[in-house]
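To start, the structure itself, in structure tokens.
Every read-out reported here was derived from the displayed coordinates using simple, explicitly stated rules and does not represent laboratory data. These numbers were taken from a predicted model, which means no experiment stands behind them. With ideal geometry, Cβ positions are generated from the backbone for all residues, glycine too; neighbour counts draw on all protein chains shown.
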Amino acid sequence: MKLGDMEINHNKKDARVPIIKLAIEILSDVSDIDKITVRQIAERTKVEVGFINYPFVSKDTLLSIAVGTVLAETTTACYR
């Protein structure tokens, strides 16, 4: 399956990375995290809504992972 320009496997772990990256992009585009919907994420990643819900269980879980990823990357960059 293709996700944007990225090729992904149907493996649950493989599918998460590009979705998280696109969720980070969406976060940078909005001013209110509460206005982000699973449907927006699915449309942006070009997958069905269920493909978002299955590996992440909920939108909040996905967005928490995305925010945590940004914080971890920022912290790592500060200490280099």
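Give me the number: length gained by fully extending Asp60 to Ala72, i.e. 0.36 nm times residue separation minus the C-alpha to C-alpha distance, one decimal in nm. Please report the intermediate quantities before stating the final value.
Values: separation 12, 0.36 × 12 = 4.32 nm, distance 1.79 nm.
Between Asp60 and Ala72, full extension yields an extra 2.5 nm.
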Proximal charge balance of Ala72 [Cβ under 14 Å; K/R count +1, D/E count -1] = +1
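With the Cα gyration tensor of the range 11-52 in hand, give its eigenvalues times 5 under a square root as the equivalent ellipsoid semi-axes, listed largest first in whole angstrom. Each step should come with its number before you reach the end.
Values: eigenvalues 67, 26, 11 Å².
In descending order, the three semi-axes are 18, 12, 7 Å.
Given 0.36 nm per residue, what is the gain on full extension from Asn53 to Ile33 after removing their alpha carbon distance, in nm?
Full extension of this stretch gives 5.5 nm more.
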